[in-house]
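No value in this document is a laboratory result; all are computed from the given coordinates. Owing to the predicted nature of the structure, the values given are computational and were not obtained by experimental measurement. Cβ: placed from backbone, ideal geometry, glycine included. Neighbour counts: every protein chain shown.
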Amino acid sequence: MQGKEQKNTWQISIELASKKQFKDYKKKYPREYLSCFANLERLLEFLNQGVQGAFEIGFLGSEGENCWRIAQTKVQSAKETRLYIYVYSDENTIYVMGVGNKETQKKDIREIKEVIRKAFGTGRQ
């Protein structure tokens, strides 16, 4: 889709992520983990092209409150994996929040949204 061009550079922050959670998940599901982070890099490249407004990317889905999930792609017989991010457009920052799978999805989203509320306060987008 077309949108306005923007010159600001987007960045990724891991400051709110649980390092242990990511280390454990990477050890257990390395292919899925790498695929999700490759898709995060694709999203970052897309945003850094300066496109604003509505757009759709197949591996990206909203969980509400500016919390998004990035799915793994092109991994045969994969464990369905989600990399959770928070997009803070005022700072052009994508915060990596957590990683999980279909079985832990509801718990993951609930916990991540609580971290977002504590870190950013209500209504910060």
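Quick look at the values:
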item: Segment Glu103-Arg117, length gained on full extension (0.36 nm per residue, minus Cα span); result: 2.7 nm
item: Residue order, fewest to most beta carbons within 10 Å, for Thr81, Thr104; result: Thr104, Thr81
item: Neighbour-count order for Ser35, Ser62, Ser77, fewest beta carbons within 10 angstrom listed first; result: Ser77, Ser62, Ser35
item: Using alpha-carbon coordinates, inclination of helix 30-48 to the longest axis of the chain, degrees; result: 0
item: Candidate values (i) 33; (ii) 27; (iii) 22, label of the one derived for percent of Cα pairs over 25 Å apart; result: (iii)
item: Between 0 and 90°, nearest 10: helix 105-120 axis offset from the chain longest Cα axis; result: 40
item: Label point distance in nm, Ser77-Lys28, each placed 7 Å from Cα along Cα→Cβ; result: 1.9
item: Label-point gap, in nm, between Leu16 and Glu56 - each point 7 angstrom along Cα→Cβ; result: 2.7
